[in-house]
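Before any comments, here is the structure.
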Amino acid sequence: VLRSVVTGVGGYLPDEVVTNNDLAKIVDTSDEWIVERTGIHQRHRAAEGQLVSDLAVEAAKRALAAAGKTPADIDLIVVATTTPDLTFPATATIVQRKLGCPVGIAFDVQAVCSGFVYALSTADGFVARGRSKCALVIGAETMTRLMDWTDRGTCVLFGDGAGAVVLEPQEGEGTTADRGLLGFALRADGTKQDLLYVDGGVSTGKVGHLRMQGNQVFRHAVVNISEAIFAAATDAGIEIADVDWFIPHQANQRILEGVARRVGIEEGKVISTVAEHANTSAASIPLAWAKGVDEGLIKPGQVLLLEAMGGGLTWGACVLRL
Ligand code: ACO
């Protein structure tokens, strides 16, 4: 049985750090309110002229180095982003050009904060069928460029960054003891659009800003994500107790603690970066994963559980063994 195995991970954050106190100078908010309601202390912001493809390229370079691969090895690039450089071409082909990868497959996936889980599942469809020998799956976002800086309910929540993984095929027995992507559950419910969306796009003729009914999103988050986690665990053939590290999408500390409690994951197994990174949408899972690896927490052979929810609404979960 061919499986897609993650052989390297890398994250990149732009240099500029924006603290809660910095934001309190432009909107009516406070460090105390933001920390208490979200767990966020700061976020990173891309420099003027620094594009989402630039963040993606830096994360990809680190993932390639970790996997012992070069751009010449890459035959598939999937970028999850909701903030592309341009309407077209896809950010994935821009990353391909900037990295100097050979002609291959490259395209973007748009599932907002759930983008990385969707992109991983999409790439698995190529790698585990022998159609890609070495793939880059990247989550990259410049969410700060989508903010309405007069809306304190949203502008304090998001940050910029990118994370990437390298996926390679590997033969195994087809048991859960094998390395690789073991199970997925992906969901979307378009009737919940009004809870979280951008009020503009090419077809509407305006750029638009992110709009959110935060408390409504919160209400759906824990229930929806928990169901997807149980479905992904069943798809993978593992028990929740088998999970070594839980790497949730980093939206809000209260959501990720709520999910961990509901599905029965101990606090010590949760990777949380929301305090330092805030919500980087599709980039948040690979960024948190890279940090867990850098800190020596996440090791080969371990079982990881990923989950996310975002605009759409979309949500999903993935179980894999490193
Ligand atoms: N500073 C101070 N006060 C604020 C701020 C702020 N930055 N933002 C909102 N408030 C005020 C509101 O105006 C409201 O005041 P009012 O009672 O006088 O009208 C009050 O705080 C309460 O507002 P709520 O929206 O009900 O506050 P809540 O406790 O729900 O917290 C929050 C808001 C943090 C947005 C929370 O709902 C949340 O995190 N929701 C999840 C949203 C999310 O993470 N979305 C990301 C994408 S989806 C995902 O990734 C899961």
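Throughout, read-outs are computed from the coordinates displayed, never taken from laboratory work. All values reported here derive from a predicted model rather than from experimental measurement. Cβ placement follows ideal geometry from the backbone for every residue including glycine, while neighbour counts extend to all protein chains displayed.
Per-structure values
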read-out	value
Loop chymotrypsin sites (Phe, Trp or Tyr not before Pro), the range 95-153, which have at most 13 other Cβ atoms in a 10 Å radius of their Cβ (DSSP)	W149
Mean ellipticity per residue at 222 nm, deg cm²/dmol - from DSSP H runs of n ≥ 4 across the chain, formula -39500 (n - 2.57)	-9500 deg cm²/dmol
Low-density loop positions, GluC sites (Glu not before Pro), the range 100-203 - DSSP coil, at most 11 other Cβ in 10 Å	E173
Nonlocal amide H pairs with L196, under 5 Å, H built at 1.01 Å	Q213, G312
Rel. contact order, % - alpha carbon contacts under 8 angstrom, at least six apart, the range 197-321	29 percent
Cut-off 12 Å, label 7 Å out along Cα→Cβ of V207, residues of the range 15-58 by amide N	49
Computed lengthening from V1 to D28, 0.36 nm per intervening residue step minus Cα-Cα distance	4.1 nm
Label-point separation, W149 to N21 (7 Å along Cα→Cβ), nm	2.0 nm
Square roots of five times the Cα gyration tensor eigenvalues for the range 117-232, Å	34, 19, 13
Trypsin sites (Lys or Arg not before Pro) restricted to DSSP loop in the range 231-322 with at most 13 other C-beta within 10 Å	none
Range of Cα positions in the range 88-146 per principal axis (Å), largest first	38, 25, 15
Base-10 log of normalised Debye intensity for the chain (one unit scatterer per alpha-carbon) at q = 0.07, 0.09, 0.10 Å⁻¹	-0.24, -0.40, -0.50
Greater than 28 Å apart at Cα, pairs in K98/K192; K133/K291; K25/K98; K61/K133; K61/K299	K98/K192; K25/K98
Square roots of 5 times each gyration tensor eigenvalue, C-alpha, the range 186-244, largest first, Å	33, 13, 9
